[in-house]
1. Regarding residue 22, is this residue at pLDDT below 95, in a strand (DSSP E or B) and in contact with a strand residue (DSSP E or B) (Cβ under 8 Å, 6 or more places away or on another chain)?
2. So residue 284 clears everything in (1) surrounded by 18 or more Cβ atoms within 10 Å (Cβ to Cβ); (2) over 27 Å from residue 27 (Cα atoms) except one condition, right? Which one?
3. Being modelled with pLDDT of 80 or more and under 26 Å from the mean Cα position of the chain (by Cα) narrows it down to one residue among 197, 231; which is it?
4. Are any residues in the range 80-112 farther than 24 Å from residue 272 by Cα, surrounded by fewer than 20 Cβ atoms within 10 Å (Cβ to Cβ) and more than 10 Å from the chain's Cα centre (by Cα), and if so, which ones?
5. Could you check how many residues of the range 157-172 are more than 17 Å from residue 202 (Cβ to Cβ) and either buried (at least 17 other Cβ atoms within 10 Å of the Cβ) or in contact (Cβ under 8 Å) with a residue 60 or more places away in the chain (or both)?
6. Residue under question is residue 207, and the condition is that it be modelled with pLDDT of 90 or more and surrounded by 13 or more Cβ atoms within 10 Å (Cβ to Cβ); does it hold?
């Protein structure tokens, strides 16, 4: 047995050398958006739209060639995904008055927010070369969320069901989904810029810059808005200019919900004092274009 082990190690090493283990790096752009169901109004008209945003990816790879046309590749990438989400239509806003009352209002609501989620992405793919300069590949990826932020604005014009004076404001959205803490509508920070108005003789103070867990949530923060893991399928092609330099394009489809269901609530309807949970499945989708070099 002691004599057999060195022979096995030698044969295994020779086998790996015959399979040509190599490595490389790549950098490129991501064109990403969320994919999920839109909230609809009473007439069935979509109130939400999901648009793409641009990020980047960079990283390295390890390639194992089995034969001339077939092999496997493992990558580690820093990759930005996300998207631009728009809610535009009839909606609601629940305010907490300074006397503790909850006040339901309805009106025109528009939210525009661009979200950037940064992942450490680990794709593992198999590849096939039908001709020397073209490489097709497909496989799976697991991604770990390392950063999450969103920026945009929220405009609202509404009133109560008994006809209060119109409420009209514009607020900035400044969201750090991993670091922001939950705050109730009555919790105003020392350095917050605010707007104060009366609703049916009740005084309401509202900040003009909103964190990730402020706008609609009055309870304590329930984990982070975006889930820490993503999993999906990936497929694409590489075009080789020579033996090393290549241009690549790939599609990346997420298979699991990337949002925490505790925050999937309706912006259009309520039960009177609280908004209604929706529990949507929101997934990542991105197209990636890259320039790479293989050694």
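1. Numbers: at pLDDT below 95: yes; in a strand (DSSP E or B): yes; in contact with a strand residue (DSSP E or B) (Cβ under 8 Å, 6 or more places away or on another chain): yes.
Yes; evaluated as a whole, the condition is true for this residue.
2. (2)
3. Numbers: 197 fails: under 26 Å from the mean Cα position of the chain (by Cα).
Just a single option satisfies the conditions, and that option is 231.
4. The answer is 86, 112.
5. Count: 1.
6. Here the answer is no, as residue 207 does not meet what is asked.
The values are calculated or read from the model by the stated rules, or taken from the named source; none is laboratory data. No experiment lies behind these values; they were computed from the predicted model shown. Methodologically, a virtual Cβ is constructed for each residue, glycine included, from the backbone with ideal geometry; neighbour enumeration extends over all protein chains shown.
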